[in-house]
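The values are calculated or read from the model by the stated rules, or taken from the named source; none is laboratory data. No experiment lies behind these values; they were computed from the predicted model shown. Cβ placement follows ideal geometry from the backbone for every residue including glycine, while neighbour counts extend to all protein chains displayed. Accessible surface is based on the protein model in full, side chains and every heavy atom, while ligands, DNA and RNA are left aside. Shrake-Rupley method; radii C 1.70, N 1.55, O 1.52, S 1.80 Å.
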Amino acid sequence: MIFTRAIGVFGVTLLLGWTLSAQPRIDSLLNFDWKFIQQEQANAHLRSYDDQKWETVQLPHDASIYGAFLQDGYNSDRKNGFRPRLKGWYRKKLAISNLSSDSRYFLDFEGIYRDARVFFNEKEVAHQLNGYEGFEVEITDLIQQGDNLIAVSYDNTDMESSRWYNGEGIYRDVWLKERSSTYFVKDGLYITTPKVDNSKTEVAIQIEVLNDLDDTRELTLLSEVYDEDGIQVGETVSKVPVSSGELYVFNQSIGIENPRLWNVGNAYLYTVKNKLSWEDQLLDELETPFGIRTIQFDPNRGLLVNGEKVFVKGVNIHHDLGPLGAAAFERGYERRLEGLEKLGCNAIRLSHNPHDTYILDWCDRNGMLVFDEAFDKWEDQFFGEGNAFEDHWRKSLEAFIRRDRNHPCVFIWSVGNETHQQRDPKANFGIDQMKVMADFVHQLEPGRKVTCGLHPSRKSGAYRTENYYREGPPEMEFYMDVVSTNYREEFWPMDHENYPQLTFILSEAQVGNLGNEWFNFNHDYGVGMFYWGGTDYIGESFGWPAKGWPNGVIDWNDHWKPFTYYIQSLYSEEPMVRIAAYDPSEETAQYWNEVNLRFQPMFSHWNWKGKDSVRVMTFSNTQEVELLINGKSMGLMEVPEAYYTKDIKAYTAEEYDPENPINTGPEMHTKLEWVVPYSEGEIVAIARNNGVEVARHKLQTAGEPERVILKADRERIQSDGLDLSYIDVEVVDKNGVIVPSADHEITFKVTGAGINAGVSNADVISDEPFQADNRKVFQGRALLVVRSTKDDGKIKIRAETNGLKGDTIKIITFREKSNELVSKRDR
């Protein structure tokens with residue numbers, strides 16, 4: 001079965017191919033059964049080429065994530081996590097039935113990394129340099145009844161195309177799209193709410209229609225708005241003669257009485273249904289969710305959503321999914337975002353490129369803000385060596401904004417990050433480029449502000465010179481709507497006083513200091529902050545043997561680290577407490593990007609044989625914590641008020657010390673730190689508010705390893721060939737306690753209606769491949785990801801290791817009967 005998205009009807013699938021329907025809009029997912037080879041091939045776009053020896057793969061597919069890590073060779077380096085950068089080819093044969101002469105046909109690729117060339121029936125129809133940018137190509141004149149051939153090549157050998165792991169190949173979805181001869185143009189719908197009022201809100205609708213016929217048609221556009229209960233709350237009709245070949249832009253307005261507002265943590269989505277017709281014939285139909293809300297930035301109050309102060313609590317994320325690489329699985333993103341929401345995040349920064357649209361859809365539905373970023377450097381980086389940024393950025397930026405502009409979660413546009421021009425006097429310190437890009441965005445989409453992540457240097461690119469701390473702000477920040485500071489929030493009190501018109505957001509905050517940057521600025525006027533990074537990610541390592549960035553809030557399996565709970569204590573409103581043990585002598589430091597990063601290893605276990613005493617931290621957002629060992633109280637500590645009231649003022653400009661800029665007062669950095677005697681058994685932390693217990697956490701001493709256990713995050717998944725179940729793998733003692741010293745190699749066997757999609761643990765220096773049937777546990781834990789096939793049934797997973805009892809679990813795969821539509825929005 002293939003997935004189709006149609007208005008009012010589903011396309012029919014035949015055994016030998018697709019029956020293309022006369023319905024106005026059908027999108028067919030082409031993710032399955034592609035032939036693939038990871039090397040250059042001559043004439044691979046020709047029908048006569050023999051691909052029988054090629055591998056058969058299913059999309060989304062990251063070709064670079066397979067095989068061993070490479071310290072040398074195949075264009076691998078620390079930036080790419082020591083993964084290969086190669087070339088490759090994909091081929092797919094399409095057998096088409098009932099081709100309609102009145103229809104128009106398109107291929108839509110959501111992402112190919114990178115330098116992709118697309119051939120259809122031997123003719124090159126597209127060349128896309130930017131691997132993060134989706135694109136559509138019309139194939140109406142080439143598609144034919146019977147057999148057709150899609151061939152795609154990519155070239156990922158440019159080692160400067162990214163500073164982090166990008167994957168390679170067709171890593172996002174591919175669609176075959178059928179439209180009538182007069183249709184809504186891709187990403188041509190723009191919904192705005194120019195006037196938001198509690199009693200009545202105006203919804204403005206702008207939509208592009210192309211008449212691809214030889215004669216003029218008098219077209220009717222009916223637009224209807226529905227609430228979340230499916231009740232129609234407004235409509236309007238326009239009728240316009242559109243000439244042959246004309247791209248016409250309809251402009252409509254609909255009033256909604258007593259609107260429900262979209263808000264952070266409390267999303268409410270309306271749906272616009274656009275119906276295009278000629279005489280009595282329906283030509284096209286489109287459904288798009290949208291939210292009604294206002295976004296304002298104020299230099300003294302920060303971010304206002306619907307007129308109310310919202311403090312942004314976010315993290316930065318890259319687009320890889322750990323052991324799955326860059327392959328864009330919706331369930332992988334969903335699981336990650338659910339974890340960040342539990343952490344207390346109300347925002348994410350999509351660093352530093354366009355991410356998969358599912359992330360935006362999820363954030364729309366769940367009320368999470370998005371800092372949406374188009375580029376990293378203003379160089380040929382995304383476009384490849386010799387392809388000047390100046391020649392390409394406008395097209396890519398326009399495509400990015402048109403794609404994302406209807407998402408209420410997007411609260412700001414970013415056009416770059418730590419650009420070299422900021423520090424280059426020959427480039428006027430980035431001012432000229434910032435001005436032209438901001439103006440470009442404002443003209444295209446005036447409803448949001450524009451920013452750019454700033455390198456952590458000061459005026460004239462000053463680093464740590466004699467007058468470094470006395471230098472003014474970077475010149476470029478005066479030409480962006482909101483100032484996005486990377487790691488330099490300590491200058492805000494001085495800059496806020498000297499330049500009162502500026503609004504500040506901390507676009508990158510380090511976690512090497514356990515996240516204490518939370519206390520470094522006044523939350524009244526600061527928009528908020530994004531920790532770097534939200535998760536560990538592949539690439540941008542400090543060097544072999546590290547395969548990636550190791551200092552994320554969460555590891556690349558989306559498992560929480562001990563110090564993750566400290567961030568939760570800052571971000572979350574839910575009462576919590578957590579114990580973490582540590583040894584101060586194990587702290588290390590790394591000077592990176594003008595920032596001194598501190599790393600304090602922490603552990604969530606109570607196995608300290610040979611130690612008389614143990615240092616412990618308790619993380620909590622409550623008023624007080626009591627610590628007990630084997631039932632005996634170690635005392636009670638009060639949590640500093642700033643932790644649980646979230647009332648952070650930091651220091652004023654008068655208190656600013658240029659020689660010691662991080663000077664937030666000792667009360668802000670007070671931790672609940674304990675030195676306690678060690679004895680086997682259990683240690684318990686009890687958190688209280690007003691003397692009443694509201695949370696507790698317990699660690700137990702683990703005994704000898706006895707067995708492996710498997711824990712699936714979902715025991716029922718869809719048999720769509722795309723769904724995932726994440727299976728935690730644990731080595732435990734006889735009482736089910738994880739053994740922290742365990743490093744057993746586990747062998748997996750996956751049979752039935754699913755496949756092994758990847759294995760991992762949290763050790764970023766491990767040389768073990770992600771795509772394998774075995775994996776060592778690290779600190780007693782590992783991860784197995786299982787992908788469904790398109791068969792209903794059961795997936796059987798068996799885990800074994802020498803000397804321990806194994807485990808077997810089963811996962812049910814099923815077809816969702818009530819909804820055959822795929823989850824992404826109709827385009």
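A few remarks follow.
- Test: R117 is at pLDDT 95 or above, under 19 Å from L142 (Cβ atoms), part of a loop (DSSP other than H, G, I, E, B) and open to solvent by 10 Å² or more (accessible area, probe 1.4 Å): no
- Of the criteria (1) assigned to a strand (DSSP E or B); (2) open to solvent by 30 Å² or more (accessible area, probe 1.4 Å), which one M159 fails: (1)
- Going through (1) at pLDDT 95 or above; (2) over 30 Å from L213 (Cβ atoms); (3) crowded, with 19+ Cβ neighbours inside 10 Å one by one, N148 falls short only on (2).
- Among the criteria (1) open to solvent by less than 10 Å² (accessible area, probe 1.4 Å); (2) modelled with pLDDT of 95 or more; (3) out of contact with any helix residue (DSSP H, G or I) (no Cβ under 9 Å at 6 or more places or on another chain), the one R25 does not fulfil is (2).
- Selection of segment 690-712 for residues being in contact with a Phe, Trp or Tyr (Cβ under 8 Å, 6 or more places away or on another chain) and either open to solvent by 40 Å² or more (accessible area, probe 1.4 Å) or part of a strand (DSSP E or B) (or both) yields L699, Q700, A712.
- Whichever residue in segment 372-393 is surrounded by 23 or more Cβ atoms within 10 Å (Cβ to Cβ) and among the acidic types (D, E) and, among such residues, is nearest to D361 (Cα to Cα): D372
- Given (1) closer than 30 Å to K309 by Cα; (2) buried (at least 18 other Cβ atoms within 10 Å of the Cβ), number of the condition N498 does not satisfy: (2)
Condition check ((1) open to solvent by less than 10 Å² (accessible area, probe 1.4 Å); (2) under 21 Å from R335 (Cβ atoms)) across all residues:
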residue	(1), (2)
R714	no, yes
V729	yes, yes
N735	no, no
T747	no, no
G754	yes, yes
I765	no, no
D773	no, no
K794	no, no
T813	yes, yes
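- Verdict on D657 being of a type in the set (D, E, K, R) and modelled with pLDDT of 70 or more: no
- Residue that is surrounded by the most Cβ atoms within 10 Å (Cβ to Cβ) [pool: residues in segment 394-433 that are assigned to a helix (DSSP H, G or I) and of a type in the set (A, V, I, L, M, F, W, C)]: F400
- Hits in segment 244-260 (condition: open to solvent by less than 50 Å² (accessible area, probe 1.4 Å) and either not in a strand (DSSP E or B) or not hydrophobic (A, V, I, L, M, F, W, C) (or both)): Q252, G255, P259
- Selection status of T645, polar (S, T, N, Q), open to solvent by 20 Å² or more (accessible area, probe 1.4 Å) and at pLDDT below 75: yes
Conditions (1) of a type in the set (A, V, I, L, M, F, W, C); (2) within 30 Å of R260 (Cβ to Cβ), marked per residue:
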{"position": "L340", "(1), (2)": "yes, yes"}
{"position": "D356", "(1), (2)": "no, yes"}
{"position": "F371", "(1), (2)": "yes, yes"}
{"position": "E390", "(1), (2)": "no, no"}
{"position": "L397", "(1), (2)": "yes, no"}
{"position": "D404", "(1), (2)": "no, yes"}
{"position": "Q421", "(1), (2)": "no, no"}
{"position": "D432", "(1), (2)": "no, no"}
{"position": "F440", "(1), (2)": "yes, no"}
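- Filter result for P545 (part of a loop (DSSP other than H, G, I, E, B), of a type outside the set (D, E, K, R) and buried (at least 19 other Cβ atoms within 10 Å of the Cβ)): no
- Residues satisfying the stated conditions in segment 775-792, i.e. among the basic types (K, R), open to solvent by 40 Å² or more (accessible area, probe 1.4 Å) and in a strand (DSSP E or B): K776, R781
- Residues (within 27 Å of G339 (Cα to Cα), outside any loop (DSSP other than H, G, I, E, B) and open to solvent by 40 Å² or more (accessible area, probe 1.4 Å)) located in segment 571-598: R578, R598
- Lone qualifier among L286, L340 - being crowded, with 21+ Cβ neighbours inside 10 Å, at pLDDT 95 or above and in contact with a Phe, Trp or Tyr (Cβ under 7 Å, 6 or more places away or on another chain): L286
Residue-wise test of (1) of a type outside the set (G, A, S); (2) modelled with pLDDT of 95 or more; (3) under 35 Å from the mean Cα position of the chain (by Cα).
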position: I579; (1), (2), (3): yes, yes, yes
position: S585; (1), (2), (3): no, no, no
position: T588; (1), (2), (3): yes, no, yes
position: Y591; (1), (2), (3): yes, no, yes
position: N596; (1), (2), (3): yes, no, yes
position: N607; (1), (2), (3): yes, yes, no
position: T618; (1), (2), (3): yes, yes, yes
position: L627; (1), (2), (3): yes, yes, no
position: M634; (1), (2), (3): yes, yes, no
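- Among residues of segment 207-234, those that are outside any loop (DSSP other than H, G, I, E, B) and loosely packed, with under 14 Cβ neighbours inside 10 Å, counted: 2
- Restricting segment 48-70 to residues that are open to solvent by 20 Å² or more (accessible area, probe 1.4 Å) and charged (D, E, K, R), the residue that is nearest to D720 (Cα to Cα): E55
- All positions within segment 296-335 that are open to solvent by less than 10 Å² (accessible area, probe 1.4 Å), in a strand (DSSP E or B) and not small (G, A, S): L303, V305, V312, V315, N316, I317
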